[in-house]
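The structure appears right after this line, and notes come after that.
No lab work stands behind these numbers, since they all come straight from the coordinates. The structure displayed is predicted, hence computed values, not measured ones.
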Amino acid sequence: MGSYWALSAGKDGELWSTFWLERRIAIGWPAIGDLRRFASREELAKEYEAVWPGSQPGQKRNNVGQLWRFYKEIQVDDTVFVRSHGMLIGIARVTGEYEFLQNSNLLREKFHSNFFDDDYPHVRRVNWISLSGAMKQPLTVTKVTEMAGQSTEDED
């Protein structure tokens with residue numbers, strides 16, 4: 001049995017229809033590029049600092065943690081709870097490895113956030129298994145088992 005994750009569908013769920021129709025989940029931070037070029041979380045953290053110098057330590061730790069979890073920790077057969085406005089809007093089983101949608105990929109424009117005026121190019125293929133329920137959690141990419149009392153703090 002795989003792990004369970006909670007993930008937002010963009011600001012106010014704006015990417016939900018794209019998630020559903022394209023059978024993918026996605027996260028932002030396009031300026032960091034393809035995560036497969038990082039052999040370690042530390043390398044990713046250094047690149048994050050280079051792209052966003054002067055980021056607050058907590059913000060950097062949180063964002064690097066979310067990127068790393070999406071890239072390395074989410075696995076095929078894991079379950080993802082997709083939420084918006086604190087409500088569960090979909091449940092999916094992960095079916096694909098991490099992918100990065102290059103600018104030339106026509107699918108990338110579908111994962112564009114009008115709210116942030118930026119893309120969500122980090123994607124994973126999924127099969128949708130449910131669309132109902134409710135859940136309240138203010139986290140973007142989190143291992144659900146951590147929400148049961150374990151810390152979600154990440155170490156740099």
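In terms of modelled amide H atoms, which long-range or inter-chain residues lie less than 5 Å from the amide H of Asp118?
Those lying under 5 Å, H to H, from Asp118 are Ser113.
In terms of Cα to Cα distance under 15 Å, which aspartates and glutamates are near enough to Lys143, apart from those fewer than 8 places away along the same chain?
Filter leaves Glu73, Asp77, Asp78, Glu153, Asp154.
Taking amide hydrogens as modeled 1.01 Å from N in the peptide plane, which residues meet the under 5 Å criterion relative to Ser84, leaving out close sequence neighbours?
Amide H to amide H, under 5 Å and 5 or more residues apart or across chains, Ser84 pairs with Ile89.
Compute the distance from the alpha-carbon center of region 78-109 to that of region 1-74, in whole Å.
With region 78-109 and region 1-74 each reduced to a Cα centre, they are spaced 11 Å.
From the phi of every residue in region 18-33, what ³J(HN,Hα) in whole Hz does the Karplus formula 6.51 cos²θ - 1.76 cosθ + 1.60 yield, where θ is phi - 60° and glycine or proline is x?
Karplus-based 3J(HN,Hα) across region 18-33 equals 5, 3, 5, 5, 8, 6, 9, 10, 8, 9, x, 6, x, 5, 6, x Hz.
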